[in-house]
Amino acid sequence: MSNVSSGSTGESKQADTLAEDGSNGVTSRRSFLAGAGGGVAAVGVGLLVDSPVASAHGRIRHGESHRRHGRLTRGDEAILRFVAAAETLEADFWQQYNELAGIQDSEVPGGSGNPTYAAALATLDDDMAQYIHDNTDDEITHFTFLNAYLESRGGRPVDLEPFRTLPSSTATGAQQIKRLTNLMQLTVDTTWYTRYRSDNKNPDFGDSFPPAVPGLLQGQFPAIPRSDADLTPSDHLTAIANTAAWHFPTIEQGGNSLYPQLAQRATDAEVLRVLLSIGPTETMHFQTWHDIAGDAPPITDPTNGLVFPDLNSPPFGGELFQTNLIMPEPTIFLSRKLPIVSIIRPTETQGAAMGALQFLTADGLIRGQSQDFFRFMEELARNADRAQRFG
Ligand SMILES: [Fe+2]
Ligand SMILES: [Fe+2]
């Protein structure tokens, strides 16, 4: 997978757009029409929708003709603020993985690598370091873009910096800074694995699913070495790498549901476009990591008894557990009277933001955070869940 992200042309175009929009976008649009000549204003709307248009400076601007203007509705702002916060948390924990087992470079700076932990993860896939780097890079751009977009539409960005209070791993390679998230006491819910393999159940119908790795739901486990003491014995380190390999898709499948869940209540077409353009990248992450989790070797951690079962042998195996079944199995959707269909699940929109916050909390990812942090996140989630389409 190559890591060609936004090119310089795209970046400068975006910068132009943001600079020109400001929070007073309605005025900008009027000025633009006036600049194009009052006589064409009456037919201008059709042109704006369908074709690239010449700016007042005579340049052709592809894409920008579709920019929306004016302030966000309260609901759209709340949805964007919640996903901006969730993306900030995602970026923070991916950053910690990257410092130890990714690629530290100008796109994702910080840390200096932990060769022993990186090697344990690389046994699952030769491209592990690149994938970790690229996922981290994606998350950084997600929250950075969402905050900039909020501001460009007169909304308030989300700043979680005051909540950066959690400790770093002291293992070789980790930066010694305060963190927003905690990768050292995870309780990983792997029920998504069987949820995506069922052809007759759907969480939106109230169904529940067995976890692929039951042990990960029964304690608190590190997904990164807490210190260099965690680098031995080797089966313990393998269990830590396995925990990470299962944590990656567990988090990404959450994002893969959250965006379609919240998009259903977006009012503005451009906000919908933002949500529909970011959400599927979470799905791309999820699918990649889903494949890799299945390669985590069966092992028991000698230090704490955590078991990673062989998912291809009894009592596992079959449709629900076989590790190469990584495409979503078609299942029931909307009504049992309709034919089954291959879909993201869940996508129920009611209470989705609070559900996502509860999922992050149960995962242990924000274990140790302050009451103020939880109050702040709950308020963001409540406001996002109050958002109504056209409300
Ligand atoms: Fe993201
Ligand atoms: Fe993500």
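The values are calculated or read from the model by the stated rules, or taken from the named source; none is laboratory data. Remember, predicted model here, so these are calculated numbers, not experimental data. Heads up, the Cβs are rebuilt from the backbone with ideal geometry, glycines too, and the neighbour counts pull from every protein chain shown.
Looking at region 297-315, is at least one residue in contact with an Asp or Glu (Cβ under 9 Å, 6 or more places away or on another chain), away from ligand 2 (no atom under 16 Å from the Cβ) and under 17 Å from residue 191 (Cα atoms)?
Yes.
Please indicate, with yes or no, whether at least one residue in region 120-127 is more than 19 Å from residue 186 (Cβ to Cβ) and within 16 Å of ligand 1 (Cβ to nearest atom). First the steps, then the outcome.
Residues of region 120-127 that are more than 19 Å from residue 186 (Cβ to Cβ), as a first pass: 122-123, 125-127.
Then keep just the ones that are within 16 Å of ligand 1 (Cβ to nearest atom); that gives none.
Checked region 120-127: no residue is more than 19 Å from residue 186 (Cβ to Cβ) and within 16 Å of ligand 1 (Cβ to nearest atom).
Residues of region 186-228 being in a helix (DSSP H, G or I) and under 25 Å from residue 317 (Cβ atoms), which ones?
Within region 186-228, 192, 193, 194, 195, 203, 214, 215, 216, 217 meet the criteria.
One line per residue, one yes/no per condition, for (1) within 14 Å of ligand 2 (Cβ to nearest atom); (2) closer than 24 Å to residue 187 by Cα; (3) in a helix (DSSP H, G or I); (4) touching a residue at least 24 places away in the same chain (Cβ under 8 Å):
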position: 240; (1), (2), (3), (4): no, yes, yes, yes
position: 254; (1), (2), (3), (4): yes, yes, yes, yes
position: 259; (1), (2), (3), (4): yes, yes, yes, yes
position: 266; (1), (2), (3), (4): no, no, no, yes
position: 272; (1), (2), (3), (4): no, no, yes, no
position: 287; (1), (2), (3), (4): yes, yes, yes, yes
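Among the candidates 379, 329, 319, 348, single out the residue that is at pLDDT below 95, surrounded by fewer than 20 Cβ atoms within 10 Å (Cβ to Cβ) and in the same structural domain as residue 185 (by TED's automatic domain parsing). Steps first, answer last, please.
Working: 379 fails: at pLDDT below 95; 329 fails: at pLDDT below 95; 348 fails: at pLDDT below 95.
Within the list 379, 329, 319, 348, the selection yields 319.
How many residues does region 290-304 contain that are part of a helix (DSSP H, G or I) and either among the aliphatic types (A, V, I, L, M) or touching a residue at least 60 places away in the same chain (Cβ under 8 Å) (or both)?
3
Evaluate the following for residue 136: is it within 20 Å of the chain's Cα centre (by Cα), assigned to a helix (DSSP H, G or I) and not aliphatic (A, V, I, L, M)?
yes
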